[in-house]
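Encoded as C-alpha cells, the structure appears first; notes follow it.
The values are calculated or read from the model by the stated rules, or taken from the named source; none is laboratory data. Keep in mind the model is a prediction, meaning the values are calculated, not measured. Neighbour counts are summed over all protein chains in view; Cβ atoms, including those assigned to glycine, are modelled from backbone coordinates with ideal geometry. Heavy atoms of the whole protein, side chains included, go into the accessibility calculation; ligands, DNA and RNA do not. Shrake-Rupley method; radii C 1.70, N 1.55, O 1.52, S 1.80 Å.
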There are 2 protein chains.
Amino acid sequence: MPMTYLETPTQRVMSGNGIEYAYRDLGQSDIPLVLLIHFRGNLDNWDPALIDALATNRRVITFDNIGVGATTGTTPATIASMARGAIDFVEALNLEYVDLLGFSIGSFVAQEFALIRPDAIRRVVLAASAPQGAAGMHGWAADVIAAVGQPVTDPQGYLDVFFASSDASRLAGQEAMGRIFGRTTNHDEPTTWQTRQAQYDAVCAWGIPNHALLERLRAIDLPAFVACGDGDRMILPRYSHLLVGLLPDARLKIYADSAHGFLFQHHADFASDVNAFLDDPD
Amino acid sequence: MPMTYLETPTQRVMSGNGIEYAYRDLGQSDIPLVLLIHFRGNLDNWDPALIDALATNRRVITFDNIGVGATTGTTPATIASMARGAIDFVEALNLEYVDLLGFSIGSFVAQEFALIRPDAIRRVVLAASAPQGAAGMHGWAADVIAAVGQPVTDPQGYLDVFFASSDASRLAGQEAMGRIFGRTTNHDEPTTWQTRQAQYDAVCAWGIPNHALLERLRAIDLPAFVACGDGDRMILPRYSHLLVGLLPDARLKIYADSAHGFLFQHHADFASDVNAFLDDPD
C-alpha cells in the first residue's frame, strides 16, 4: 500500500557542510523528484493531494533548506546560497541525478541549481517562476507582501494571494487549506522571522532589474516545464512567458482561474502534467 | 453596402519623399487600422476574408511599402528603412493616429514604427512576430527559405510554410489560397527579386543575435496583441512568448493547429480577436 504524504515520517540527514536537513521521502523511481517550496514554507506546506499524486509512480522528496523549519543553520539571504544548500542536501542523500520541481522562490533556487550543477539535473519544473533580473519584479506588490509577509501568518492573506477571487478558486483554496492545515500529527517546525527576512531579501535581490542577466536562461539547457496560474499577482504570468521565450527547451501551461497556488488548486491536472512531462521520452 | 476587399480599387498617393504608394482603403472608423504584409507579399496577398471581417466596423488600409508591388522606389534592406517608408505613407495620407497590424516581416516593421514614432500609434497587433536580436532566428530554417524563397514562388511551398500538416489546416490553406489567388481582376504588380533579396537581408539583420536589443521592447509602451500559430516553423511561437514577456502591456493568443498563416486559416476568430482588442476600452 503506498504511503501518503500525511503519514510520511520526517527524516534527518547530516550533510558534508554540517547541516542536519529535515526531509520526507516517499514513492519509488530511479530518478527522484526533489521539491523546493515557496516563501516561508516548510515540509507541511506542500498540499498532500499534490504530493500523493506525484508520488504514485515516482520517488518524491521534500526538504527544508538551511535554516528553514526543522533543518539546522541560518537561512541564507541569496538564491545562490539556497541553491548551494539544495546541492548540499542532494549530496547528503547520495542522489546523483534528480528532477527538480521548484515553486515560487523554490523555482528561483531550482534555476540557480541548474546553472551551478547542470549535470545533476535531468528535467526541471518551474512553477510560478521568474528569471533573475526581469524588470518589474523588485519585491512583491505592496498588497501581496502585506498579505503574506506579516510576523504572524494569516490564513486569509494566504487565501488572497494563492487563490483567485472566483467562487471556484476560493472553494479550491479552502479545500487545499483543509488538506494542508488539517494535518494533526507529524508536524514540521514553523519557519521563523529570520527565514522570512532572509528569503525576502533574496527575492528582492533576484528582482533587481538587470536585463543582461536574462541571458543566463540560455544556459539552463535541459527540458523545462513552466507553469503558472493565469491570475497570479505574486509572480505575474508574463515572467512565465519570458522564461519560455528564453529557455532553450521549455513548454508552458497556464492554469485557468487560479493564482499563485494554482498547483494546489489544480493538483490533479498539475500532477498529471508534471508526470507526463517527466515521463516524456523526448 | 460595404465594399469587399476584392472590389476595393487600388489607389495611389505621392509622399513627401517622392514615393508613389499603392494602397487600398475600405471601411470606416475614426482611427484606421494600417496593415503591414508578410515577406514578398503585396496588396493581393491579404486574405480577403480577413480584410472584410476587419473592415466591417473599421477603416482598414493595406499598402505596398517602398519598392514593393505597384509602389515606386527600391525596396530598402533594413527594417528601420521600411518603418520610415510606412511612416512616409501614413503621412502622405494625412493619418495622424493609427492602429497597426503587422504580419511576419510586417510585424518587425510595426515594432520599429512604434519605436520611431510612438505618438502616431494607438494599439499594435503583432502577428507571427519576433523581437530584434532574439537568439536562434538568424534567417529562416533551411526548409522554410527553400519553400518560400525561390525566384518563382511556389503555391506548394506557401502551403507548406503557412499551414500545418493536419488535414484541417491543409484544407483551410487550400481555401485561403482559393480566396487570395482566385482574384481575377484588380491585380497588384508582382513583387520582384530585388524586393525578395532586400527583405531577406532585412530579416537576417533583424535576427543577428544581440540580447541587449531585446530591451528595446520596453519602449513599445502601448497595448499590444501578440498572436501566432502553434506550429509556425517560420517564426517560432517562442518569440511570441518572448514578446509578451518583455512588452510592457501585451496579451497573447496562440491559435491551434496552425502555422505562419494562422490569421488566414482562423480568419474569423482572428478578426474577432483583433476587433475586440482594438475596441477594448482598457
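Scan around B:Arg59 for amide H atoms under 5 Å from its own, H built in the peptide plane at 1.01 Å from N, and keep only partners 5 or more places away or cross-chain.
B:Gln28, B:Ser29, B:Leu33
Quick one: of the DSSP bridges fully inside chain A, what percent are antiparallel, nearest 5? It would help to have the intermediate numbers written out before the result.
Numbers: 8 of 30 bridges.
Given both bridge residues lie in chain A, the antiparallel proportion sits at roughly 25 percent.
Report the calculated FRET efficiency for A:Asn275 and B:Ser29 (r = Cβ-Cβ distance, R0 = 45 Å), to the nearest 0.05.
Details: r = 50 Å, r/R0 = 1.11.
According to the calculation, E is roughly 0.35.
Between B:Met3 and A:Arg122, what is the label-point separation in nm under the 7 Å Cα-to-beta-carbon projection?
Reported label-point gap for A:Arg122 and B:Met3 is 6.3 nm.
Which value, in debye to the nearest 20, describes the size of the charge dipole of chain B about its Cα centre when Lys and Arg Cβ atoms bear +1, Asp and Glu Cβ atoms bear -1, and nothing else is charged? Could you put the intermediate results ahead of the total?
Working: 19 positive and 33 negative charges, 80 e Å.
Approximately 380 debye in magnitude.
Apply the Karplus curve 6.51 cos²θ - 1.76 cosθ + 1.60, θ = phi - 60°, to the phi angles in the range A:18-25 and return the couplings in whole Hz, x for Gly and Pro.
x, 9, 9, 8, 8, 8, 10, 9
Going 7 Å from the Cα of B:Ala146 along its beta-carbon direction, which residues of the range B:161-176 have the amide nitrogen within less than 20 Å of the resulting point?
The answer is B:161-166, whose backbone nitrogens lie closer than 20 Å to the label point.
Taking a quarter of the surface of the Cα convex hull of the range B:1-61, what do you get in nm²?
On the way: hull surface 19.0 nm².
For the range B:1-61, averaging the hull's shadow over all directions gives 4.7 nm².
Which semi-axis lengths, in whole Å and largest first, follow from the square roots of five times the eigenvalues of the Cα gyration tensor of the protein assembly as shown?
Details: eigenvalues 515, 98, 91 Å².
In descending order, the three semi-axes are 51, 22, 21 Å.
Mean shadow of the range B:119-218, computed from the convex hull of its alpha carbons, in nm²?
Dividing the Cα hull surface by four gives the mean projection, 9.2 nm².
Assuming 0.692 mPa s and 37 °C, estimate D for chain B with Stokes-Einstein, Rh taken as the Kirkwood radius over Cα pairs, in µm²/s. Please report the intermediate quantities before stating the final value.
Working: Rh = 18.5 Å.
Using the Kirkwood radius from Cα pairs, D works out to 178 µm²/s.
Probe of 1.4 angstrom, ligands and nucleic acids ignored: what's the accessible area per residue over the protein assembly as shown, in square angstrom?
Result: 38 Å² of accessible area for each residue.
Semi-axes of the equivalent ellipsoid for the range B:139-276, please: Cα gyration tensor eigenvalues, times 5, square-rooted, ordered largest first, whole Å. Before the final figure, lay out each step's value.
On the way: eigenvalues 137, 87, 45 Å².
In descending order, the three semi-axes are 26, 21, 15 Å.
Please give the Cα centre distance for the range B:46-103 versus the range B:200-230, rounded to the nearest Å.
Rounded to whole Å, the Cα centres lie 19 Å apart.
Treat every Asp and Glu Cβ in the range A:13-126 as -1 and every Lys and Arg Cβ as +1, leave all other atoms uncharged, and give the resulting dipole magnitude about the Cα centre to the nearest 20 debye. Intermediate results must be reported in sequence, preceding the final value.
Values: 8 positive and 13 negative charges, 38 e Å.
The dipole of the range A:13-126 has a size of about 180 debye.
Can you send over the carbon and sulfur percentage of the accessible area for the range B:180-267, probe radius 1.4 Å, protein chains only? Write out the running numbers ahead of the final one.
On the way: 1870 of 3430 Å².
Carbon and sulfur together cover 55 percent of it.
When the Kirkwood radius is taken over all Cα pairs of the range A:20-90, what Stokes-Einstein diffusion coefficient follows at 4 °C and 1.567 mPa s, in µm²/s?
Values: Rh = 12.5 Å.
It diffuses with D of about 103 µm²/s by this estimate.
Let me know the charge dipole size of the protein assembly as shown about its Cα centre in debye, to the nearest 20, where only the beta-carbon of Lys, Arg (+1) and Asp, Glu (-1) is charged. Walk me through the numbers before you get to the answer.
Working: 38 positive and 66 negative charges, 137 e Å.
It comes to approximately 660 debye.
At q = 0.12, 0.14 Å⁻¹, what log₁₀ I(q)/I(0) does the range B:15-144 have when each alpha carbon counts as one equal point scatterer in the Debye sum?
Calculated log10 I(q)/I(0) at the listed q: -0.43, -0.58.
Sorted by accessible area with a 1.4 angstrom probe, largest first, how do B:Ile61, A:Ile31 fall? Walk me through the numbers on the way to the answer.
Numbers: B:Ile61 0, A:Ile31 45 Å².
Solvent-accessible surface, decreasing: A:Ile31, B:Ile61.
Among A:Val244, A:Ala202, A:Gly182, pick out the residue whose Cα is farthest towards the positive end of the charge dipole of the range A:178-264, where Lys and Arg carry +1 and Asp and Glu carry -1 on C-beta, about the Cα centre.
Looking along the dipole axis, the top candidate is A:Gly182.
Rg and Dmax of the range A:163-242, Cα atoms, in Å?
Answer for the range A:163-242, Rg first and Dmax second: 17.2, 47 Å.
Rounded to the nearest 100 Å², what is the sum over both chains of accessible area buried where B meets A, with a probe of 1.4 Å?
Working: alone 11460 and 11480 Å², together 21610 Å².
Counting protein atoms only, the buried area is about 1300 Å².
Looking only at the range A:76-91, which residues have a backbone nitrogen under 14 Å from a spot 7 Å from the Cα of A:Glu189 in the C-beta direction?
Counting backbone N atoms under 14 Å from the label point, the list is A:76.
Under the rule of at least 5 residues apart or a separate chain, name every residue whose amide H is placed under 5 Å from the amide H of A:Thr71.
So A:Thr71 has HN proximity to A:Ala22.
Give the shape of the range A:57-132 as rounded, prolate or oblate, defined through the alpha-carbon gyration tensor: a ≥ b ≥ c are the square roots of its eigenvalues, a/c under 1.5 means rounded, and otherwise the shape is prolate if a/b is larger than b/c and oblate if not.
Details: a/c = 1.41, a/b = 1.09, b/c = 1.29.
In terms of gyration-tensor shape, rounded.
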